1. Show the residue pairs meeting these rules: Cβ distance below 8 Å; 6+ apart or different chains; first residue within the stretch B:65-78 and over 11 Å from B:PHE174 (Cβ atoms); second residue outside any helix (DSSP H, G or I).
2. Scan the stretch A:84-94 residue by residue and report those that are under 27 Å from the mean Cα position of the chain (by Cα) and under 21 Å from A:LYS39 (Cβ atoms).
3. State whether the residues of the stretch B:216-223 include one that is away from chain A (no Cβ under 14 Å), in contact with a Lys or Arg (Cβ under 8 Å, 6 or more places away or on another chain), surrounded by fewer than 15 Cβ atoms within 10 Å (Cβ to Cβ) and in a helix (DSSP H, G or I).
4. Just wondering, is there one or more residues in the stretch B:137-157 that are over 21 Å from B:ARG18 (Cβ atoms), part of a helix (DSSP H, G or I) and within 14 Å of chain A (Cβ to nearest Cβ)?
5. Looking at the stretch A:228-271 only, could you name the residues that are open to solvent by 20 Å² or more (accessible area, probe 1.4 Å), part of a helix (DSSP H, G or I) and more than 16 Å from A:ALA45 (Cβ to Cβ)?
6. Filter the helices (runs of 4 or more DSSP H) completely within the stretch B:1-99 down to those with at least 3 residues that are over 18 Å from the mean Cα position of the chain (by Cα).
7. What residue, of A:ALA178, A:ALA206, A:ALA202, A:ALA225, is of a type in the set (A, V, I, L, M, F, W, C), assigned to a loop (DSSP other than H, G, I, E, B) and surrounded by 19 or more Cβ atoms within 10 Å (Cβ to Cβ)?
Amino acid sequence: MDIRIQVPGGSKITIPYCAVDAVGIEERASSFTKRSIKKESKLEALHLAISMVDLTTLEGMDTEGKVRQMCGKAVHPINMTVERSLNLSRAIPSVAAVCVYPNMVGYAVEALQESAVQVASVASGFPAGLVPLKIKLADVKAAVQMGANEIDMVIDRGAFLSGQYQKVFDEIFAIKQACGKAHLKVILETGELQTYDSIRTASWLAMEAGADFIKTSTGKVSPAATMGSTLVMLQAIDDYYQYNQKMVGMKPAGGIREAKQAIHYLCMVREVLGEKWLDPDWFRFGASALLNDLLRQVLKQETGRYFDQSYFALD
Amino acid sequence: MLKVKKTIKMFVGGAFIRSESGRVQEINDVQVCHASKKDVRNAVAKALPAAQSWWKLTPYLRSQMIYRAAEVVHSRDEKQNSAVNALVHYAGWCDKYQQAFGSVNPVSTPHHNFSTLEPMGVVFLVSSAKKNMAQLFSDMGAILAAGNSVIVLLQGNQKLWANDLGEIFQASDFPAAVVNFLTGDIQELLSTVATHREIAAIAYQDPADQTFLELKKQSVDNLKRVIAVDKKKELDLVLQFCECKTVWHPIGL
């Protein structure tokens, strides 16, 4: 059933109901894992994937030191001396952004001020999102004030699943206003939405409410990003673009640990949304362990050898 | 009776798998998987974390597991005396080689200086078709007792052993991926094995073979040890698969 939503201070809009063919989605998603990407194309894809990583640390035990260290890695994913000694055919790019908790934003901003790497902060009562709106807004404003250029918010899944779509919409809408110039990524937590139909509806709801990006997961719930849920979201983005001529970005997060998986996702983006989206402005990977595997595969492509972990920074 | 065509699978990461390449070879009317370079890479990816968790177990527990492997070999084939002896021998060394060969070193500064033996990590054992099963168990025993994980490449007719060997180690409660068996041909895998920096050492059963030299040549990249295991005495062999760590600890004032 279509959902009618009242836009605060505006007209009523409709969130169209769309039944998703689960078997078809999974079949198509698995078809992207069977592509063979080799040599130059593989190297190109690996470089692109590195430039799309949101290097993430979201642990209760995060410290200033860990965040600074990670920021260093975000700018130069490989130690520069090692990189120079390898005579690579092209330089390893910086990642797109670092993603941290609000208390860590200040350190990240300071560490990254001379680079193009963005600072993303989770906010709005991450990871459950079960705090009053007033506190969510304060959380977001504080993160923006400390210098975050991107805000990763979570939707209230309890409200969504119990049919309070208006509440979910209003919260996203209000948080978008609170973001100001900062980009807003809306985390749907697909692992808790139960069905592809819900993922599709939540995607559309978030886009209507002003999301610049929609994101699969917090990384705290299993399953996190899957090919199937990402495909449903990509299709929603595509349809939304056809209706409204507005591009929305996509960020699968959690569970993408291997370069091979990242390339599968890139194939999927290329085929569902087209080349326009193959850009860090429109597609991101929320990950931490993935970066080292991407680097490892780049070095394998360039030198023909597999490097051991001691060549790569852990965080 | 209907003739059933068997496929002997490889044992990697605690599971019986086919080659990712889908290739098989026929030996004596039996199909055997033919490992590719990617299979080597996948096995190393599994064996590396396994090496760390194997070393974290207490030496006593490692010893029990190797002893259990000896029991399983014995229960399957009572004639495998030498194999059982070799495994029991190395099971015994797990909690002893450290006392016997670690040392406290005399130094003239106020330091407590001591050397301990630590495992290397992932060891790639290239078996020779000329050697028997007892020899294979003996070499594996040394590698495992030293705290390493092992990927064994079975060649020639030994490929037919893959199933049984996998079952023996699976039934011995070894953590997954500490022991792995690939079936294939070293000539094809040589460059990947030699240049892979996560393989810490290569053990070779037949050093008279030209391939041994070629492995040595290509392994210089990460100063990988390429070890001939044919004539080593039993205990020498454990030490061959260890790194020696020396610590200087300040004492007094």
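1. Matching pairs, first to second residue: B:GLU71/B:SER172; B:VAL73/B:GLN80; B:HIS74/B:GLN80.
2. A:ARG90, A:ALA91, A:ILE92, A:PRO93
3. Checked the stretch B:216-223: no residue is away from chain A (no Cβ under 14 Å), in contact with a Lys or Arg (Cβ under 8 Å, 6 or more places away or on another chain), surrounded by fewer than 15 Cβ atoms within 10 Å (Cβ to Cβ) and in a helix (DSSP H, G or I).
4. no
5. A:GLN235, A:ASP238, A:ASP239, A:TYR241, A:GLN242, A:TYR243, A:ASN244
6. Numbers: elements: B:37-56, B:59-76, B:81-93.
Correct list: B:59-76.
7. Step by step, each of A:ALA178, A:ALA206, A:ALA202, A:ALA225 is checked, and only A:ALA225 is of a type in the set (A, V, I, L, M, F, W, C), assigned to a loop (DSSP other than H, G, I, E, B) and surrounded by 19 or more Cβ atoms within 10 Å (Cβ to Cβ).
Yes/no matrix, rows are residues, columns are (1) over 14 Å from B:ALA146 (Cβ atoms); (2) charged (D, E, K, R):
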position: B:ARG62; (1), (2): no, yes
position: B:ALA69; (1), (2): yes, no
position: B:HIS74; (1), (2): yes, no
position: B:GLN80; (1), (2): yes, no
position: B:LEU87; (1), (2): yes, no
position: B:LYS96; (1), (2): no, yes
position: B:GLN99; (1), (2): yes, no
position: B:GLY102; (1), (2): no, no
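The values are calculated or read from the model by the stated rules, or taken from the named source; none is laboratory data. Because the structure is a prediction, the values reported are computed rather than measured. Cβ coordinates were reconstructed from backbone atoms using ideal geometry, including for glycine residues, and neighbour counts include every protein chain displayed. Note: areas computed on protein heavy atoms with side chains; ligands, DNA, RNA excluded. Shrake-Rupley method; radii C 1.70, N 1.55, O 1.52, S 1.80 Å.
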